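The values are calculated or read from the model by the stated rules, or taken from the named source; none is laboratory data. Bear in mind that the values here come from a model prediction, so they are computed numbers and not experimental data. Note: ideal-geometry Cβ built from the backbone for every residue, glycine included; neighbour counts use all protein chains shown. The protein model used for the area step is the full one, side chains on, heavy atoms only, and it has no ligands, DNA or RNA in it. Shrake-Rupley method; radii C 1.70, N 1.55, O 1.52, S 1.80 Å.
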Amino acid sequence: AQSVSQHNHHVILSEAASLELGCNYSYGGTVNLFWYVQYPGQHLQLLLKYFSGDPLVKGIKGFEAEFIKSKFSFNLRKPSVQWSDTAEYFCAVTPYSGAGSYQLTFGKGTKLSVIP
Amino acid sequence: DAGVTQSPTHLIKTRGQQVTLRCSPKSGHDTVSWYQQALGQGPQFIFQYYEEEERQRGNFPDRFSGHQFPNYSSELNVNALLLGDSALYLCASSLGTILSSYNSPLHFGNGTRLTVT
């Protein structure tokens with residue numbers, strides 16, 4: 001079975017600082033990868049997804065993630081965070097074997113606090 | 001455009017009781033997945049319903065069961081509640097059961113917070 005590790009439980013940054021959240025997965029085959037975000041009091045929303053092709057994926061709100069297959073990693077980045085980025089971020093993976101599945105495996109999440 | 005709606009938002013039950021949670025999928029979606037999110041953890045897949053049948057199931061005991069109605073809405077039932085069932089239960093909807101780069105992944109509701117005492 002696949003698993004996802006998110007290295008940081010809580011990250012605190014000042015506005016305009018750069019962000020990188022780590023995500024590693026364990027699965028031997030082809031995967032689809034996702035980052036979801038949960039703003040305070042809101043539902044989980046998709047930030048970005050990787051299926052195939054260019055390993056550098058751009059998402060909403062200036063976020064991007066890079067898939068490094070050799071490292072089983074899919075780290076999330078943003079060059080300059082804003083106070084409104086305060087949220088919890090979840091990395092998720094689902095195996096791909098001819099067809100994708102909606103059965104996602106999530107990491108434990110990383111709470112990001114941005115100080116104005 | 002209505003998103004995924006779940007009811008109730010909060011629920012308190014006693015050990016041994018049974019509970020039913022409800023979900024209406026996003027307009028145009030026909031598939032519902034349920035996830036359990038314990039405190040400090042990421043969501044864990046419980047099961048998925050499509051065409052009124054359970055299509056996929058995660059590693060959850062038979063105490064967890066579900067149903068999907070002809071209008072695509074869904075219920076999650078948990079019998080013989082344990083303290084460890086306390087969690088946020090998330091419903092997510094999608095169009096079809098096959099995920100591809102062409103369609104959008106899951107749309108989540110705000111969840112039902114279940115507390116078992």
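Under the condition of being surrounded by fewer than 19 Cβ atoms within 10 Å (Cβ to Cβ) and within 12 Å of B:TRP34 (Cα to Cα), which residue from region B:76-91 is nearest to the other protein chains (Cβ to nearest Cβ)?
B:LEU88
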Counted residues in region B:48-85 being under 28 Å from A:ASN8 (Cα atoms) and assigned to a loop (DSSP other than H, G, I, E, B) come to 3
Scanning region B:34-86 residue by residue, those among the hydroxyl-bearing types (Ser, Thr, Tyr) and without any contact (Cβ under 8 Å) to a residue 24 or more places away in the chain turn out to be B:SER65
Quick one: in region A:64-116, of everything that is part of a loop (DSSP other than H, G, I, E, B) and under 17 Å from A:SER3 (Cα atoms), which residue is farthest from the other protein chains (Cβ to nearest Cβ)? A:PHE72
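With the structure loaded, tell me whether A:GLN6 is touching a Lys or Arg at 6+ places or on another chain (Cβ under 8 Å), within 9 Å of chain B (Cβ to nearest Cβ) and within 30 Å of B:ARG113 (Cα to Cα) or whether it fails that test. Steps first, please.
Values: touching a Lys or Arg at 6+ places or on another chain (Cβ under 8 Å): yes; within 9 Å of chain B (Cβ to nearest Cβ): yes; within 30 Å of B:ARG113 (Cα to Cα): yes.
Yes, satisfied.
Which residues, taken from region B:43-67, are of a type in the set (Gly, Ala, Ser) and at pLDDT 95 or above? Talk me through it step by step, then tell me what you get.
As a first pass, look at region B:43-67 and keep what is of a type in the set (Gly, Ala, Ser): B:58, B:65-66.
Once the filter is applied, which keeps residues that are of a type in the set (Gly, Ala, Ser) and at pLDDT 95 or above, region B:43-67 yields B:SER65, B:GLY66.
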Quick one: which strands (runs of 3 or more DSSP E) lie wholly within region A:13-56 and hold at least 2 residues that are over 16 Å from A:VAL81 (Cα atoms)? A:23-26, A:31-38, A:45-50
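Taking the stated definitions as given, is B:THR14 surrounded by fewer than 16 Cβ atoms within 10 Å (Cβ to Cβ), among the β-branched types (Val, Ile, Thr) and under 24 Å from A:LYS108 (Cα atoms)? Give the steps one after another, and end with the answer.
On the way: surrounded by fewer than 16 Cβ atoms within 10 Å (Cβ to Cβ): yes; among the β-branched types (Val, Ile, Thr): yes; under 24 Å from A:LYS108 (Cα atoms): no.
When the stated conditions are applied, B:THR14 does not pass them.
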Just to be sure before I move on: is A:THR94 modelled with pLDDT under 95 and under 25 Å from B:GLN6 (Cα atoms) in the structure I sent? yes
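Would you confirm, using the coordinates I've provided, whether A:GLU20 is touching a residue at least 60 places away in the same chain (Cβ under 8 Å) and of a type outside the set (A, V, I, L, M)?
On the way: touching a residue at least 60 places away in the same chain (Cβ under 8 Å): no; of a type outside the set (A, V, I, L, M): yes.
No; evaluated as a whole, the condition is false for this residue.
Which one of these is in contact with a Pro (Cβ under 9 Å, 6 or more places away or on another chain) and open to solvent by less than 10 Å² (accessible area, probe 1.4 Å): B:SER73, B:SER94?
Details: B:SER73 fails: open to solvent by less than 10 Å² (accessible area, probe 1.4 Å).
Among B:SER73, B:SER94, only B:SER94 is in contact with a Pro (Cβ under 9 Å, 6 or more places away or on another chain) and open to solvent by less than 10 Å² (accessible area, probe 1.4 Å).
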Of all the residues that make up region A:50-74, how many are in contact with a strand residue (DSSP E or B) (Cβ under 6 Å, 6 or more places away or on another chain) and open to solvent by less than 60 Å² (accessible area, probe 1.4 Å)? 12
Could you list, in sequence order, the residues of region A:75-116 that are touching a helix residue (DSSP H, G or I) at 6+ places or on another chain (Cβ under 9 Å) and either among the charged types (D, E, K, R) or open to solvent by 70 Å² or more (accessible area, probe 1.4 Å) (or both)? A:LYS78, A:PRO79, A:GLN82, A:ASP85, A:ILE115, A:PRO116
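Here's a check for you: in region A:29-49, which residue that is closer than 20 Å to A:TYR102 by Cβ and surrounded by fewer than 17 Cβ atoms within 10 Å (Cβ to Cβ) is farthest from the other protein chains (Cβ to nearest Cβ)?
Checked region A:29-49; the qualifying residue farthest from the other protein chains (Cβ to nearest Cβ) is A:GLY29.
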Quick one: B:PHE60 ticks every box in (1) surrounded by fewer than 19 Cβ atoms within 10 Å (Cβ to Cβ); (2) more than 14 Å from chain A (Cβ to nearest Cβ); (3) hydrophobic (A, V, I, L, M, F, W, C); (4) under 20 Å from A:THR105 (Cα atoms) except a single one, so which number is it? (2)
By residue number, the members of region B:17-47 that are open to solvent by 40 Å² or more (accessible area, probe 1.4 Å), within 12 Å of chain A (Cβ to nearest Cβ) and not in a loop (DSSP other than H, G, I, E, B) are B:GLN44
